Amino acid sequence: MVGLFKEGARQRLHASNLVPDHHPVFSADLFVRYKSDVRSVRNCIEYIHRNFEKHGLEPVVYDFVTAYNDWPFHKRLRPEG
């Protein structure tokens, strides 16, 4: 299913001249990584934020994105008050 989606999207991007013909658009493998602890989630968030700088782009802030609150451990890690 994912392969069909990727191939269809790749073809449309090429046909629209949004990417060069030789550009693969997607990686060959599907990479799924589940985050099971707070540190892993925070590392992933930082990785995403650093990608903007790495590529010389201004960070993008979306109004529908909220700061990560250490869920599901947010109540245990912060004192009630």
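Observations on the model:
- Applying 1/(1 + (r/R0)^6) with r as the Cβ-Cβ distance of Asp21 and Lys75 and R0 = 35 angstrom yields a FRET efficiency of 0.10.
- Equivalent ellipsoid dimensions for the chain as semi-axes, Å, which come from the Cα gyration tensor, largest first: 35, 17, 12
- Straight-line cross-link reach from Lys54 at under 16 Å between alpha-carbon atoms covers these aspartates and glutamates, not counting any fewer than eight positions away in the same chain: Glu46.
- Counting other Cβ atoms within 10 Å as a rough exposure proxy, the listed residues Lys54, Lys6, Lys35 run Lys54, Lys35, Lys6 from fewest neighbours to most.
- Charge sum, other residues only, whose C-beta stays under 14 Å from Leu18's C-beta, Lys/Arg counted +1 and Asp/Glu -1: +1
- Global size of segment 35-81: 13.4, 41 Å for Rg and Dmax (C-alpha atoms, Rg to one decimal, Dmax whole).
- FRET E, pair Lys6, Glu58, Förster distance 25 Å, beta-carbon r, rounded to 0.05: 0.35
- DSSP-loop chymotrypsin sites (Phe, Trp or Tyr not before Pro) across segment 3-52, with at most 12 other Cβ within 10 angstrom: Phe31, Tyr34
Every read-out reported here was derived from the displayed coordinates using simple, explicitly stated rules and does not represent laboratory data. Keep in mind that this is a model prediction, so the values were computed, not measured. Reconstructed Cβ throughout: ideal geometry from the backbone, glycine too, with neighbour counts over all protein chains shown.
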